[in-house]
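See below for the structure under consideration.
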Amino acid sequence: MLRAGPLRYTAGSRGSVRVVDEPPRDPGAEAADGAPAEQLLRHEVELATTPRQEADALVALADHLVRERRDLDEAAELYDRALELAGPHEPVSCYHAHVGRARVARLLGQPDVQAIHLDGAIGVCEAIGADRAMADLLLLRSSLEVDAGRLDEARERLVDALQYAERNGDAHQAARVHFELGRLERRCEAPQLARAHFELARPSLLERGPKRLAASVELELGLLAFAVNDHAVAEDRLHRARGLWLELGNTTLAARTLGRLGELARVCGRRDEARAMLDQALVESRTCADPTLEAHTQCSRGDLARLTSRYDDAADAFSAALDLAAQHGLAEVQVRACIGLASVRRVAGLTVAARELLETAATTATLRGDQRGGVNARVALASLARLRGDHLGCERLLDAAHAAASAADYDLGLSNVAHGQATLALFRGDAAASDANLRLAEVFSRDLGARHGAVHVLVTRAQLCSLIGDLDAATAWLAEAEALADEVGYRLLVGHIARLRASLLLLDGQVAVNEAVGPVQRAADVAGQIGDVLGAADADVVRAEVAWRSGDPAGAVRGAARAARVHRGAGAVFDLALDLVVQARAELARGAARPAARLAREALRLVGTAPARPLLVEVGTVLLELPGRAVPTADRLRAHEAAREALGFMVAHLPDGADPAAFHRRHERSFALIDERAG
């Protein structure tokens with residue numbers, strides 16, 4: 001909030017308090033005979049002949065001590081003596097003493113004392129009708145309410161201050177109040193109100209200053225425009241703010257603004273420009289010895305590296321941010337860096353380390369009241385829960401994240417939750433629920449301009465279309481996702497999309513199996529280049545299926561076993577089950593029924609009672625394909641019942657407009673085996 005310097009007022013023609021236009025006396029000035037100013041002021045106290053004169057002399061001496069930082073405790077005593085002398089019958093002297101005593105209390109870190117004396121000054125002004133001073137005093141008083149977390153009370157003070165400023169006809173004073181109201185509403189997460197107040201403050205502050213507030217209002221408007229994806233306005237305001245900070249010589253805020261410009265360039269897809277800006281912001285943060293700025297800049301560099309699949313660089317940046325957070329107690333940075341580093345660890349297959357980082361982030365966010373950080377941590381934890389087969393845990397985390405994101409009006413969080421719920425529904429075979437959540441995620445992604453998130457949504461939409469048998473639509477969605485992933489440099493998803501394209505080709509009975517070789521090889525190459533351990537395993541299992549269908553069951557067994565080792569180590573339960581299904585089919589293809597049965601039964605055990613219906617269909621199908629003597633009757637009956645119930649559920653939960661016949665063709669082999677065994 002605003003922190004005014006010494007306020008100089010005197011008695012007006014009707015006994016009110018008014019602002020003195022002339023500048024204050026130079027505190028370092030000397031008397032004509034060469035005596036220091038302090039000696040002269042102490043002499044004036046001794047010469048006073050009336051209580052009012054002595055009170056005014058004491059205030060003048062105390063003001064000097066405050067300016068010179070000589071002895072704040074003595075200054076406080078002098079102001080207190082002046083208040084005793086002035087009493088209620090000398091309102092102007094009383095006013096000056098209250099203002100000075102409030103200023104000393106602020107410098108001594110005594111907010112309660114500061115509030116008492118600001119209230120005293122306000123009371124004097126109200127008593128004598130000094131409207132001109134009221135707006136400034138209420139601005140200062142509101143800052144104490146904000147510092148104490150009493151935001152509603154702060155708003156009331158500011159609204160009163162605005163009324164006084166408008167009554168005074170002082171547009172510049174009103175602009176300062178609008179600026180503080182904007183900051184307050186931004187803190188209360190009311191961006192539209194905040195932006196309206198800042199826009200009202202901007203013309204006067206740009207014209208009359210002070211330049212510090214002009215720079216601040218440009219920065220605030222830039223950040224608010226950035227938050228609502230008004231990127232052109234955001235960039236203009238942030239560039240203006242940085243220019244003003246540089247003119248003021250405020251290297252810290254200039255560097256902070258450059259960091260936000262770097263983030264904006266990243267969001268707009270200008271990756272090289274973003275990297276250059278963030279690297280420069282890092283240099284500037286170190287130059288001005290600002291560890292908080294350095295830590296946030298490292299997080300931004302980590303995000304840029306992560307989203308362009310430079311995971312070694314991302315790990316270095318996030319680790320540096322975590323070190324700074326630990327050294328300087330930066331909880332917000334810790335949350336952000338833990339979430340970012342967890343995503344890097346997950347790509348490397350280090351899911352236990354990723355989970356620990358996310359749990360730390362979630363706990364810290366909860367303790368610090370960081371709702372957005374808590375939402376982001378829980379969404380990522382939900383994804384890990386789904387990976388290890390804990391569907392109920394995944395659901396609970398997503399529900400908690402949805403509640404928190406709704407309470408905080410956090411649209412990006414709601415988008416990520418909707419995508420997480422769509423993915424969970426897809427794994428459960430509830431295509432209708434998945435479709436409904438994807439529609440929500442699509443709206444959020446479009447409105448927010450979250451292009452990396454949009455890639456994930458498009459990929460999940462393609463997977464949904466594949467599940468319900470609409471392979472043409474799935475291919476089209478993947479093509480759109482691939483174009484966007486290429487555009488934003490999201491190589492991780494480029495590799496995943498190539499693998500999914502290969503899987504789609506294997507589903508299409510009209511396409512030769514060798515058509516899938518190129519896409520799956522590209523997926524493997526990308527995974528190797530960027531260190532995507534889980535992606536490489538996913539590519540291995542698709543290549544194993546290609547090998548099996550191409551007449552190389554031994555190669556298929558080796559590939560699926562290689563993928564299974566990675567997925568087992570990462571705790572990726574359902575991915576491991578799918579590896580075992582492919583391996584079982586390859587073993588069966590080379591006549592090894594007993595090893596195939598052992599693998600299929602292990603897959604059935606891994607799935608357990610989880611409602612992973614599409615996977616249950618795959619596991620049940622391979623068990624039903626095995627010779628009767630190779631599988632115990634209990635397992636065969638269980639597999640048959642699980643697959644039958646799963647297919648029935650999936651048929652009943654197709655999205656509106658889906659073609660049941662296409663779904664039946666997609667799962668034709670499973671339907672046939674279930675009917676055959678039932679007979």
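Brief remarks follow.
- Pick from region 233-271, criterion small (G, A, S) and surrounded by fewer than 23 Cβ atoms within 10 Å (Cβ to Cβ), ranking: farthest from F198 (Cα to Cα): G269
- Pairs are defined by a Cβ separation below 7 Å, a sequence spacing of at least 6 or placement on different chains, a first member in region 482-509 that is within 23 Å of G469 (Cα to Cα), and a second member that is open to solvent by less than 50 Å² (accessible area, probe 1.4 Å) and at pLDDT below 90; the pairs so defined are L505/V511; L506/V513.
- Residue in region 437-494 that is surrounded by the fewest Cβ atoms within 10 Å (Cβ to Cβ), counting only those that are under 24 Å from the mean Cα position of the chain (by Cα) and outside any helix (DSSP H, G or I): G449
- Of all residues in region 370-383 being open to solvent by less than 10 Å² (accessible area, probe 1.4 Å) and of a type in the set (A, V, I, L, M, F, W, C), the one that is farthest from the chain's Cα centre (by Cα): A382
- Going through (1) in contact (Cβ under 8 Å) with a residue 40 or more places away in the chain; (2) in contact with a Leu (Cβ under 9 Å, 6 or more places away or on another chain); (3) surrounded by 21 or more Cβ atoms within 10 Å (Cβ to Cβ) one by one, A321 falls short only on (1).
- Within the set G509, G429, the sole residue that is among the small types (G, A, S), open to solvent by 20 Å² or more (accessible area, probe 1.4 Å) and not in a helix (DSSP H, G or I) turns out to be G509.
- Single unsatisfied condition, D316 versus (1) touching a Ser or Thr at 6+ places or on another chain (Cβ under 9 Å); (2) within 28 Å of V283 (Cβ to Cβ): (1)
- Pairs where the first residue, in region 175-201, is farther than 21 Å from L140 by Cβ and at pLDDT below 90 and the second is open to solvent by 20 Å² or more (accessible area, probe 1.4 Å) and in a helix (DSSP H, G or I), C-beta under 8 Å, 6+ apart: P191/A227
- The set of residues in region 108-132 being farther than 22 Å from Y164 by Cα, part of a helix (DSSP H, G or I) and open to solvent by less than 60 Å² (accessible area, probe 1.4 Å) consists of V113 alone.
- Taking the criterion of being open to solvent by 60 Å² or more (accessible area, probe 1.4 Å), over 25 Å from L206 (Cα atoms) and in a helix (DSSP H, G or I), the residues of region 135-171 that qualify are D147, D152, E153, E156.
- Per the listing A289, A274, the residue uniquely among the aliphatic types (A, V, I, L, M), open to solvent by 50 Å² or more (accessible area, probe 1.4 Å) and under 22 Å from E332 (Cβ atoms) is A289.
- With respect to the stated conditions, V92 is at pLDDT below 90 and in a helix (DSSP H, G or I).
- Residue in region 174-194 that is most open to solvent (accessible area, probe 1.4 Å), counting only those that are part of a helix (DSSP H, G or I), out of contact with any Phe, Trp or Tyr (no Cβ under 8 Å at 6 or more places or on another chain) and under 27 Å from I116 (Cβ atoms): R187
- Note on region 602-634: residues that are surrounded by 22 or more Cβ atoms within 10 Å (Cβ to Cβ) and over 25 Å from T423 (Cα atoms) total 3.
- Test: residue in region 564-583 that is over 22 Å from A612 (Cα atoms) and out of contact with any Gly (no Cβ under 8 Å at 6 or more places or on another chain): no
- Odd one out for Q53, checked against (1) modelled with pLDDT of 85 or more; (2) within 28 Å of L144 (Cβ to Cβ); (3) not aliphatic (A, V, I, L, M): (2)
- Region 394-426, subset open to solvent by less than 30 Å² (accessible area, probe 1.4 Å) and not hydrophobic (A, V, I, L, M, F, W, C), residue farthest from I468 (Cα to Cα): Y410
The values are calculated or read from the model by the stated rules, or taken from the named source; none is laboratory data. Remember, it's a predicted structure, so these values are computed and weren't measured experimentally. Counting neighbours? That spans all protein chains shown, and the Cβs are built from the backbone with ideal geometry, glycine included. SASA here: full protein model, heavy atoms, side chains in, ligands and nucleic acids out. Shrake-Rupley method; radii C 1.70, N 1.55, O 1.52, S 1.80 Å.
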